[in-house]
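Q: Shown below is the structure under consideration.
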Amino acid sequence: MNRDSKLASPYLKSFPDEKGYFGTFGGSFVPEAVAIAMQEINDAYNLIAQNGDFIAELRKIRKHFQGRPTPVFFAHNLSKECGGAGIYLKREDLNHTGAHKLNHCMGEALLAKYMGKTKLIAETGAGQHGVALATAAAYFGLECEIYMGEVDIAKEKPNVLRMQILGARVVPVNIGAKTLKEAVDKAFEAYLKDTKNSMYAIGSVVGPHPFPKMVRDFQAIVGIEAREQFVEMTGELPDVVCACVGGGSNAMGIFSAFIEDCVELVAVEPLGKGSALGHHAASLNFGQEGIMHGFNSIMLKDESGEPAAVHSIASGLDYPSVGPEHAYLHSIGRTKIAAIDDKEAIAAFFALSRKEGIIPALESSHALAYALKIAPELKGKKILLNLSGRGDKDIDFVSEHYGYGN
């Protein structure tokens with residue numbers, strides 16, 4: 001592990017700075033009207049993050065509504081088959097709604113309630129953020145409007161139905177590639193029409209400050225639990241911690257607790273159909289520095305310098321940029337990057353299903369595929385991966401295109 005002098009201690013209290021920067025990445029590049037709204041959210045968050053009543057209510061929600069803590073599970077069958085490292089799963093698929101997304105959605109909705117907002121607006125790719133936010137809106141009695149690309153609506157119909165049953169209005173987006181980037185664009189447009197009564201609830205560690213920090217802080221519970229559980233189970237820290245990265249919320253959640261430890265952190269990106277531009281969504285592997293959706297990070301660009309078309313079998317990963325904190329941690333050598341293609345992710349999806357009786361989300365299958373790939377060479381080591389979601393949402397798509405894994 002390469003420890004850089006820029007990795008201040010305590011890290012989480014040092015980054016981002018007051019303007020939302022992780023080194024040169026992050027910040028807020030938005031029109032004045034949006035800047036005013038972002039400052040309002042930032043001021044409110046900084047105030048209530050110190051409020052004992054807010055913290056106590058969030059802890060109560062996590063324990064009695066979300067079902068936290070989620071367990072760490074030793075995948076004994078897969079570990080035996082690989083014959084190398086032990087593979088451990090942080091079971092965020094057992095979090096209420098089936099993914100890690102509820103961790104920040106309940107926090108964002110609680111913040112909206114404290115700010116006197118009446119409506120939540122958001123984008124979603126795989127639908128997990130949309131389901132989680134619709135759940136949070138129902139819990140707090142708020143209106144909810146979710147923007148989703150038509151391509152993702154077709155792929156993730158179970159989650160679309162769940163959002164609608166929970167009372168959210170799902171708005172199809174039919175511009176551009178009709179996926180996550182375009183959903184973000186349209187959700188922001190809707191938010192700007194009524195910043196007084198609504199709050200934009202970003203679904204990852206992306207966007208203008210304070211969202212990368214705020215979402216990371218709400219997701220940090222994953223890492224806090226996982227670190228304590230792993231030491232209790234094994235008496236030591238893991239050698240490798242890995243997680244899939246699109247925007248990167250689940251990865252920052254679990255990485256956050258290990259940043260200052262001598263543990264290898266690996267961000268696993270979607271290689272899709274290959275390394276050609278437009279065939280993948282591996283921003284850290286192939287991208288350049290650039291500004292998109294109000295923040296500076298590493299992004300995939302086309303010939304004109306605009307966000308490039310992207311692809312991943314996992315709708316939650318098909319985004320042409322990455323959270324600024326991920327860009328920073330990679331730039332200083334604190335995290336490694338890897339890339340898993342669609343075929344490898346599908347193979348891992350079926351492997352976990354058949355060997356351990358756990359159907360993973362296609363997003364999480366990328367991290368699992370990486371663990372399965374490196375495990376044979378790491379005999380005696382331990383790998384902890386964030387199983388960020390369950391695969392109920394993906395079974396129709398997988399069975400239609402890949403059968404039943406036979």
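Q: Would you look at the GNM of the chain, springs on alpha carbons closer than 10 Å, and say which of F350, F140, F258 moves the most?
A: F140
Q: Given a Förster distance of 30 angstrom, what is the FRET efficiency for R59 paired with Q164, based on the Cβ-Cβ distance and rounded to 0.05? Don't jump to the answer; show the numbers that get you there.
A: Working: r = 30 Å, r/R0 = 1.01.
That pair, R59 with Q164, gives E of 0.50.
Q: What size of dipole, in debye to the nearest 20, comes out for the chain about its Cα centre when the only charges are +1 on Lys and Arg C-beta atoms and -1 on Asp and Glu C-beta atoms?
A: Here the chain has a charge dipole of around 800 debye.
Q: Residue farthest toward the positive end of the dipole of the chain, with Cβ of Lys/Arg at +1 and Asp/Glu at -1: which of P324, G272, M163?
A: The listed residue farthest towards the positive side: M163.
Q: How much length is gained if the chain between K119 and M233 is pulled fully straight, taking 0.36 nm per residue apart and subtracting their Cα-Cα distance, in nm to one decimal?
A: 36.8 nm
Q: Something else about it: Using a 1.4 angstrom probe on heavy atoms only, work out the carbon and sulfur share of the accessible area of the chain in %.
A: 51 percent
Q: Right, here's the next one. Between region 116-168 and region 247-274, what is the separation of their alpha carbon centroids in Å?
A: Cα centroid to Cα centroid, the span is 25 Å.
Q: What FRET efficiency do you get for E377 and T24 if R0 is 51 Å and r is their Cβ-Cβ distance, rounded to the nearest 0.05?
A: 0.90
Q: Reachable aspartates and glutamates from K393, Cα under 18 Å, same-chain residues fewer than 8 places away excluded?
A: Excluding near neighbours in sequence, the set is E92, D93, E123, E150, D152, E156, D318, D342, E363.
Q: Please report the projected area of region 275-378's Cα convex hull averaged over all directions, in nm². Intermediate results must be reported in sequence, preceding the final value.
A: On the way: hull surface 29.7 nm².
The number I arrive at for region 275-378 is 7.4 nm².
Q: From the helices alone, meaning DSSP H stretches of at least four residues, give me the mean residue ellipticity at 222 nm for the chain, per-run term -39500 (n - 2.57), in deg cm²/dmol to the nearest 500.
A: Working: 16 runs with 171 residues, N = 406.
Rounded to the nearest 500, the figure is -12500 deg cm²/dmol.
Q: Please find the FRET efficiency linking D43 to H96, where r is the Cβ-Cβ separation and R0 is fixed at 35 Å, and quote it to the nearest 0.05. Don't jump to the answer; show the numbers that get you there.
A: On the way: r = 30 Å, r/R0 = 0.85.
The computed FRET efficiency comes out at 0.75.
Q: Would you mind counting up the charge near Y45? Only other residues with Cβ under 10 Å from its Cβ, with Lys and Arg at +1 and Asp and Glu at -1.
A: Around Y45, the charge tally is -3.
Q: If I build a Gaussian network model for the chain, linking alpha-carbon pairs within less than 10 angstrom, which residue out of P212, P270, P158 has the largest mean-square fluctuation?
A: Comparing P212, P270, P158 in the GNM, the peak value goes to P158.
Q: With θ set to phi - 60°, apply the Karplus curve 6.51 cos²θ - 1.76 cosθ + 1.60 along region 375-380 and write out the HN-Hα couplings as whole Hz, x wherever there is a Gly or Pro.
A: 4, x, 8, 10, 4, x
Q: Ignoring ligands, DNA and RNA, what accessible area per residue does the chain give at 1.4 Å, in Å²?
A: On a per-residue basis, the chain sits at 39 Å².
Q: Which residue fluctuates most in the GNM of the chain (Cα springs below 10 Å): K343, K155, K181?
A: Greatest mean-square fluctuation among the candidates belongs to K343.
Q: Further, regarding this structure: Scanning the chain for helices, which whole DSSP H stretches are 15 Å or more long along the axis (Cα) and average 0.0 or more by Kyte-Doolittle?
A: Taking the DSSP H segments of the chain (at least 15 Å long, mean hydropathy at least 0.0), we get 32-48, 102-114, 128-140, 180-192, 211-234, 362-374.
Q: Another question, if that's okay. Using per-residue counts of other Cβ atoms within 10 Å, averaged over each peptide, order 372-379, 119-126 from highest down. List each step's numbers first, then the result.
A: Details: 372-379: 16.6, 119-126: 27.6.
Going by the mean number of other Cβ atoms within 10 Å, highest first, we get 119-126, 372-379.
Q: List, in order, the whole-Hz ³J(HN,Hα) value for each residue of region 166-175 obtained from phi through the Karplus relation with A = 6.51, B = -1.76, C = 1.60 and θ = phi - 60°; use x for Gly and Pro.
A: With the stated coefficients, region 166-175 comes to 6, x, 7, 8, 9, 9, x, 10, 10, 9 Hz.
Q: Report the extension gain between D194 and S275 in nm, rounded to one decimal, defined as 0.36 nm multiplied by the number of residues separating them, less their alpha carbon distance.
A: On the way: separation 81, 0.36 × 81 = 29.16 nm, distance 4.08 nm.
25.1 nm is the gain from fully extending D194 to S275.
The values are calculated or read from the model by the stated rules, or taken from the named source; none is laboratory data. Computed from a prediction, not measured in an experiment: that's the story for all the values here. With ideal geometry, Cβ positions are generated from the backbone for all residues, glycine too; neighbour counts draw on all protein chains shown. Side chains are part of the model used for accessible areas, which takes the heavy atoms of the whole protein and leaves out ligands, DNA and RNA. Shrake-Rupley method; radii C 1.70, N 1.55, O 1.52, S 1.80 Å.
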